[in-house]
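Novice: One structure follows; several queries about it will come next.
The values are calculated or read from the model by the stated rules, or taken from the named source; none is laboratory data. Just so it is clear, the model here is predicted, and its values are computed rather than measured. Remember, those area values only see protein heavy atoms, side chains included, never the ligands or the DNA or RNA. Shrake-Rupley method; radii C 1.70, N 1.55, O 1.52, S 1.80 Å.
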Amino acid sequence: MKIPLSLIQPFLKEKRSVSKIAETLTLLGIEVDKIHNEHSFSGVVAGKVEQTTPHPKADKLRIAQVHDGKKLCQVVCGAANCRPGITVAFAQEGSCLIDSNGKSRIIEPCEIRSVPPSGMLCAEEELGLPSLQEGILELPDEILAGTDLSLLLWDPVFEISLTPNLG
């Protein structure tokens, strides 16, 4: 049987890590065989695009100023839907993204056509989510800049089996 964390969460009195919840369930006689979607990304926050300008050395790229809740960061983006005023998924330097093959990628400092970005704006597939739109992931405006998106977009699923001694 598979149960998402979002169904278990209302019964918990305090916040616990996924591994601690799995351990507690196992101690209660509900054996957790596997945890699906355990780590799809980390370090990705909601960012507010404040301003965009055309890249001086590339026709299809834009330079976006993104507020991450603490400071303004410069990002180079090629998505057509990158525009001022939207809330997006912003992977800061040091963030970890895991692709569909399970290979992890750390966002490192680099230069894109002589412009040093401070991270990247993410599309749904870069976060391991099903792709519903083209371009970068647009989030609802109610989400505050700096909100950890792993808490909003990530829902681990516990694969459990009942032990024979439970009727």
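Novice: Leaving ligands and nucleic acids out of the surface, order Thr26, Thr87 by accessible area at 1.4 Å, largest first.
Specialist: Reading off the accessible areas and sorting them downward yields Thr26, Thr87.
Novice: May I pose another question? Leaving out ligands and nucleic acids, and using a 1.4 Å probe, what accessible area per residue does the chain come to in Å²?
Specialist: 61 Å²
Novice: When every alpha-carbon pair in the chain is counted, what percent end up more than 20 Å apart?
Specialist: 57 percent
Novice: Just to confirm the number: angle between the C-alpha axis of helix 18-27 and the first principal axis of the chain, 0 to 90 degrees, nearest 10?
Specialist: 0 degrees
Novice: Need the full-extension length gain, Glu125 to Ser17, defined as separation in residues times 0.36 nm minus the C-alpha distance. One decimal, nm.
Specialist: 36.4 nm
Novice: Beyond a 22 Å Cα-Cα separation, which of these cross-linked pairs lie in this structure: Lys48/Lys70; Lys34/Lys103; Lys20/Lys71?
Specialist: Among Lys48/Lys70; Lys34/Lys103; Lys20/Lys71, the Cα-Cα distance tops 22 Å for Lys20/Lys71.
Novice: Another question, then. Quick one: length gained pulling Ser104 to Ile3 fully straight, 0.36 nm per residue minus the C-alpha distance?
Specialist: Additional length available on full extension: 33.8 nm.
Novice: While we're looking at this one, here's another question. In region 1-59, how does Rg compare with the Kirkwood Rh, expressed as the Rg/Rh ratio over alpha carbon atoms?
Specialist: 1.29
Novice: Could you work out [θ]222 nm for the chain from helices alone, using -39500 (n - 2.57) per DSSP H run of at least four and dividing by all its residues? Round to the nearest 500 deg cm²/dmol.
Specialist: One gets -2500 deg cm²/dmol as the mean residue ellipticity at 222 nm.
Novice: Would you mind telling me which residue in Ser150, Ser131, Ser17 has the biggest mean-square fluctuation in a Gaussian network model of the chain, where springs connect alpha carbons within a distance under 10 angstrom?
Specialist: Comparing Ser150, Ser131, Ser17 in the GNM, the peak value goes to Ser17.
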